[in-house]
Amino acid sequence: MKTKEFIDPELFARLSRLNLEAKNLMHGPFSGRHKSPNKGSSIEFAEYRKYVPGDDIRKIDWRIYARSDRYYVKEFEAETNLRCYIVLDCSGSMSFEGKDGSKFDFGRKIAASIGHVLTEQGDTVGLTAFNSRTFKQVPPRSSGKHLRSIYEILDVIKADGKTAIAKVLHDLAASIQKRALVVVISDFFHDVEPMLKALQHLAHNKHDVTLFHLIDEEEVKFDFNQPYSFVDLEGGSTMLADPTTIRNQYLQAFGGYLKTFKERALKMNMDYRLAMLNEGCEDLLAKFLMERIEGGK
Amino acid sequence: MTFLEPLLLWGLPLISIPVIIHLMNRMRHKPKKWAAMEFLFMAKRSSTKISNLRNILILLCRCLVILFFILALARPLAGSFLGWSVTAPDTIYVLLDRSASMGSVTVGAEKNRLEKGIENIIEAAKSIPGTPQYVVIDSIDGKARSINDINLLKDELLFGLTHTQADITAMLNSALMYAIDNKTGNSEVWIVSDMQKTNWQPSSENWKKLMTQFNGLDQKMAFKVLSMGGESAENASIKIVENFRRNTPDGSEIQLTLEIRKSDAEAREIPVTFSVNEVESTKNFLVDGQSLTVQHTLLLEKSLNEESGFGLVSIPADGNLQDNEFHFAFEPAPELKASLAVKDSNRNEFLQIASAPAPEVFKQSSKSIKADSLNKKQLQDTSLLVIDGVEINEKSETAIKEFIEEGGNVLLFPSGRNGETYFNTVTLGETESVDQKSQYRLARWDEDLGPFVKSPSGESLPLKNIAVKQRQTASGKGQILANYEDGTGFLTRYNIGNGQLYYCSTLVDNNWSNLVRGSVLVPMLHRLQKEGAKRLSSIKETSCGDNTAIENAKRISNGPQTSAKQSAAAGVFQNEESLIVLNRPDNEDNFAYVEGEELQKLFGAVSLNLQEAVQREDDSFKTKLWTPLMIILFLFFLIEGWLTKRQKAVKDNALPETVL
């Protein structure tokens, strides 16, 4: 079988030493390593409460009864598994290719790596890959077989057409019933307001939202010395421009967009991560996982 | 506008290079797939007009830099002198300096200054609108001549180089007279000259008078000077300072004192060719420094002892052909006659012998005369009059003074009488003496010219051996030829008319000095006689341009035979009475020039435009027109650099770290 480019066993091996911790409380059907909003059976003591009819009498703390002659039930933290939805933008703009490779390849590598880490730690992971023409979705599951099916989708899907990120995020927010980790991988080149509304929809539903904002070095430096005919990757329209004459204005506009988007995302308590392609995937993910672990403690 | 290098204007299309490069850059744009198109559209929409304007200005500056560079190389002649005159003058006076110094070429040039000046004038005349009248005044005779065709200046016979000197004030005066007589209307005076000071005579009072008169004219007169300056190519000149013929036991000889000058100070040998009676001989002289004064003797056969003749000294062709030759003429050796008015009989006897030691061989003689009854006739054939101790009455003093003024030489010795004055020129002081063991010694003397000049073989006279015990110094405006260690004169020369009075401050007396040894005295007396004998020569030596000197004379040396201005070219002429030698004037070997403010002062309030000569190669960058062109060019360079830097500063901007 041909090895897929986004599958890097060495990277997976190094990342496997780390876990992906949920930042928020998680609803899950199975017990796992992540905190749940429900009280359940685990070794983590939560609180005492008065016995009410219907409670399992096995949960009554007889020592308290002996001392106080009252029935108290001992409650423990429920721990559940994590459900992760990886949302990968497959629009044409993601096919942008700089000297450090394409954004799409970078995004696929992030998705595959996170999928691997979560599956390894027994959590469920699903994938939503989309553009204006294609929509592929696999629900979260936790099995090696399921992970391979995600890899298959990542392998066959192409970055093409316009983005439909706002609509997809709204739909996703509406479809996910329980709290989950939503990892959005995109360059977010879309109208900012509709996109932020969609993200807000996810945040409102108390999902743990992580944004991987994929940016290439060329896009932030715009350091070109000759005129180019810029071809829009999402629409095919072209624009002839001398970068030396519009650089200042471009950087102002681009910088303003990045700043606004970051500030608004952080305000919505989202985990915003600017993913510069030239800085590599491993550092980005390692930092992401480490900060998650530290945040979990 | 006139350009001296118009061919370079073919390079003007090169100014489109920046535009072509710009367009090519735009055309050779590469396609670039881009994701963040929205921001490009935003950037282009907000790209300010200033940014576009800046780009256009950069392009314009680059084009202008090339334009001014080509213009500067093509050397435009601007201004109303040789360039863009709006209104043509009615008359243009061309004052042409045709003096010998105009024959020099500048470094790297092929044409001499006069040829280049004429070329510039003719070129400038082409751009003058209308048909002004041209009046040419050349330096030969200063006469104003109207010419129909300015191209006539190319005629070398009429307007070529000469061996003369120029008198710019005389030429201006000629222009003034012509303007007054002919009412030539709105006029311009174009002066073509190498600005040699001796030709311009800036200290002359004539300038003020001339300019006052020009200012007073009804018609408008503007002056334009085309200064044919620039560094001269390597050049050497030669001239004969002194020329004396004397008989020898084997025949006769011509003793020539040569002066060789050169523009550089590097030691090198210069071959000098001597031509006498169509016989040529060449000798190399090592010139270490910028000048050399040297004697050379030409031997003539005995059969020619009573013959006259002429000759030429010349050096190889160099930066100026006009100063490479010098003519001379000779006649039978004159008899050197010394007249002695000496009070002391011993000294009289000694001086008689010293002044004519070999009368049979060298045609020398001496005689004693009385000073109290001297008249002009007695001194008629005297080459040197020696006065020692005798008192001179008024009648004799008048006769002697006339003798000197006509070119005679007088050697005066101390009389011992304090305060005695001779010829209102020299006054004797007190007699001074030193003790037995001491003596006055000589410190310095002139070995290049005069009575103490080195021998033809280059040996110095033993003046350092002269020991003086008594002396009587004198006062007066004379030139000290040899002086004692304390600076007072041993031998002093006083010029009176065409002759000289020499005063020797000690006596030919053992109580006074050791001059009696004769090793200095004899050659000194001989040389003073030689100098004094010149007035007896029938050969007339004068400067080129002296027309009156060659009236009724015919050129006998090589040179132009048919020219209307025979005196303009150096050579030897002969009339019924004598030989006449014409050479270039000494002034033409003078390298001082009138420049800048000094020139402006000469013209005072009169309108003057100084246009420096546009010579070839290196000199071409010295023209005044270069300055504004180069300043403009540099200015555009600065603006272009500033605009580009501003653009680069924009380029250096980047997204702040906080955003990333």
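The values are calculated or read from the model by the stated rules, or taken from the named source; none is laboratory data. Keep in mind that this is a model prediction, so the values were computed, not measured. Heads up, the Cβs are rebuilt from the backbone with ideal geometry, glycines too, and the neighbour counts pull from every protein chain shown.
Return yes when B:VAL426 is surrounded by fewer than 23 Cβ atoms within 10 Å (Cβ to Cβ), farther than 29 Å from B:ASN305 by Cβ and touching a Gly at 6+ places or on another chain (Cβ under 6 Å) and no when it is not. So B:VAL426 passes the test. Within segment B:358-371, can one find any residue that is touching a helix residue (DSSP H, G or I) at 6+ places or on another chain (Cβ under 8 Å) and more than 26 Å from B:ASN247 (Cα to Cα)? Yes, some residue in segment B:358-371 is touching a helix residue (DSSP H, G or I) at 6+ places or on another chain (Cβ under 8 Å) and more than 26 Å from B:ASN247 (Cα to Cα).
For segment A:174-192, a tally of residues being farther than 22 Å from B:TRP34 by Cα and surrounded by fewer than 24 Cβ atoms within 10 Å (Cβ to Cβ) returns 6.
All conditions but one from (1) within 23 Å of B:THR293 (Cα to Cα); (2) touching a strand residue (DSSP E or B) at 6+ places or on another chain (Cβ under 8 Å) apply to B:PRO462; the one that does not is (2). Hey, can you tell me all the residues within segment A:263-279 that are closer than 18 Å to A:ILE110 by Cβ and in contact (Cβ under 8 Å) with a residue 24 or more places away in the chain? Within segment A:263-279, A:ALA265, A:MET270, A:ASP271, A:TYR272, A:ARG273, A:LEU274, A:ALA275, A:MET276, A:LEU277, A:ASN278 qualify.
Taking (1) more than 10 Å from chain B (Cβ to nearest Cβ); (2) hydrophobic (A, V, I, L, M, F, W, C); (3) assigned to a helix (DSSP H, G or I); (4) buried (at least 19 other Cβ atoms within 10 Å of the Cβ) in turn, A:ALA275 satisfies each apart from (3). The residues listed here are B:ILE121, B:ILE168; of these, the one that is outside the structural domain of B:ASN547 (by TED's automatic domain parsing), closer than 21 Å to B:TRP207 by Cβ, hydrophobic (A, V, I, L, M, F, W, C) and in contact (Cβ under 8 Å) with a residue 60 or more places away in the chain is B:ILE168.
Starting from residues that are in a loop (DSSP other than H, G, I, E, B) and either within 19 Å of A:PHE189 (Cα to Cα) or modelled with pLDDT of 85 or more (or both), keep the ones in segment A:222-241 and report whichever is nearest to the other protein chains (Cβ to nearest Cβ).
Taking segment A:222-241 first, the residues in a loop (DSSP other than H, G, I, E, B) are A:222-227, A:233-237.
From the residues that got through so far, the ones that are either within 19 Å of A:PHE189 (Cα to Cα) or modelled with pLDDT of 85 or more (or both) too are A:222-224, A:233-237.
On the way: A:PHE222: 9, A:ASP223: 7, A:PHE224: 8, A:LEU233: 5, A:GLU234: 7, A:GLY235: 8, A:GLY236: 10, A:SER237: 7 Å.
Only one residue fits best here, namely A:LEU233.
Residues in segment A:242-256 that are in contact with a Lys or Arg (Cβ under 8 Å, 6 or more places away or on another chain) and facing chain B (nearest Cβ under 7 Å): 4 in all.
Among the residues making up segment B:171-188, those that are at pLDDT 90 or above and in contact with a helix residue (DSSP H, G or I) (Cβ under 7 Å, 6 or more places away or on another chain) are B:LEU172, B:ASN173, B:LEU176.
Conditions tested, residue by residue: (1) at pLDDT 90 or above; (2) out of contact with any Phe, Trp or Tyr (no Cβ under 7 Å at 6 or more places or on another chain); (3) surrounded by 12 or more Cβ atoms within 10 Å (Cβ to Cβ).
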{"residue": "B:ALA265", "(1), (2), (3)": "no, yes, no"}
{"residue": "B:PHE274", "(1), (2), (3)": "yes, yes, yes"}
{"residue": "B:PHE285", "(1), (2), (3)": "yes, yes, yes"}
{"residue": "B:SER303", "(1), (2), (3)": "no, yes, no"}
{"residue": "B:GLU307", "(1), (2), (3)": "no, yes, yes"}
{"residue": "B:LEU321", "(1), (2), (3)": "no, yes, yes"}
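Working carefully through the options B:ALA613, B:ALA568, B:ALA605, find the one that is out of contact with any Leu (no Cβ under 7 Å at 6 or more places or on another chain), outside the structural domain of B:ILE66 (by TED's automatic domain parsing) and modelled with pLDDT under 85. Please lay out each step first, then the result.
Values: B:ALA613 fails: out of contact with any Leu (no Cβ under 7 Å at 6 or more places or on another chain); B:ALA568 fails: modelled with pLDDT under 85.
Residue meeting the stated conditions: B:ALA605.
Scanning segment B:494-515 for residues being within 17 Å of B:PRO451 (Cβ to Cβ) and surrounded by fewer than 18 Cβ atoms within 10 Å (Cβ to Cβ) gives a total of 1. Every condition in (1) over 23 Å from the mean Cα position of the chain (by Cα); (2) of a type in the set (Gly, Ala, Ser); (3) surrounded by fewer than 13 Cβ atoms within 10 Å (Cβ to Cβ); (4) modelled with pLDDT of 65 or more is met by B:ALA592 except one, and the failing one is (1).
If you take the residues of segment A:257-272 that are more than 9 Å from chain B (Cβ to nearest Cβ) and among the hydrophobic types (A, V, I, L, M, F, W, C), which of them is nearest to B:MET42 (Cα to Cα)? Explain how you work it out, then say what you get.
Filtering segment A:257-272 for residues more than 9 Å from chain B (Cβ to nearest Cβ) gives A:260-261, A:263-272.
Checking the rest, the ones that are also among the hydrophobic types (A, V, I, L, M, F, W, C) come to A:261, A:265-266, A:268, A:270.
Working: A:PHE261: 17, A:ALA265: 23, A:LEU266: 25, A:MET268: 27, A:MET270: 28 Å.
Per the criteria, the residue is A:PHE261.
For the structure I just gave you, tell me whether B:GLN295 is under 19 Å from B:VAL572 (Cα atoms), modelled with pLDDT under 90 and surrounded by 14 or more Cβ atoms within 10 Å (Cβ to Cβ). Here the answer is no, as B:GLN295 does not meet what is asked.
In segment B:22-40, how many are assigned to a helix (DSSP H, G or I), within 7 Å of chain A (Cβ to nearest Cβ) and either of a type in the set (D, E, K, R) or surrounded by 15 or more Cβ atoms within 10 Å (Cβ to Cβ) (or both)? Let's see the steps before the verdict.
Quick first cut of segment B:22-40, residues assigned to a helix (DSSP H, G or I) only: B:22-27, B:37-40.
Applying the additional criterion that residues be within 7 Å of chain A (Cβ to nearest Cβ) yields B:25-26, B:37-40.
Applying the additional criterion that residues be either of a type in the set (D, E, K, R) or surrounded by 15 or more Cβ atoms within 10 Å (Cβ to Cβ) (or both) yields B:26, B:37-40.
Total meeting the criteria: 5.
Just checking: which of the strands (runs of 3 or more DSSP E) contained wholly in segment B:509-591 hold 1 or more residues that are without any contact (Cβ under 8 Å) to a residue 40 or more places away in the chain?
On the way: elements: B:540-543, B:571-574, B:579-583.
Here the list reads B:571-574.
The helices (runs of 4 or more DSSP H) found wholly in segment B:105-223 and carrying at least 2 residues that are basic (Lys, Arg) and under 25 Å from B:GLU588 (Cβ atoms) occupy B:113-126. For A:ASP208, the criteria (1) more than 9 Å from chain B (Cβ to nearest Cβ); (2) at pLDDT below 85 hold in every case but one, which is (2).
All conditions in (1) at pLDDT below 90; (2) within 28 Å of A:CYS281 (Cβ to Cβ); (3) surrounded by fewer than 19 Cβ atoms within 10 Å (Cβ to Cβ); (4) at the interface with another protein chain (Cβ under 8 Å from one of its Cβ atoms) hold for A:LYS162, with the sole exception of (4). Each residue in segment B:535-576 was checked for being in contact with a Cys (Cβ under 7 Å, 6 or more places away or on another chain) and surrounded by fewer than 17 Cβ atoms within 10 Å (Cβ to Cβ), and 0 of them qualify.
Restricting attention to segment B:372-391 and to residues that are surrounded by fewer than 22 Cβ atoms within 10 Å (Cβ to Cβ) and free of Cβ contacts under 8 Å to residues at least 40 places away in the same chain, the residue that is nearest to B:ARG535 (Cα to Cα) turns out to be B:GLN380.
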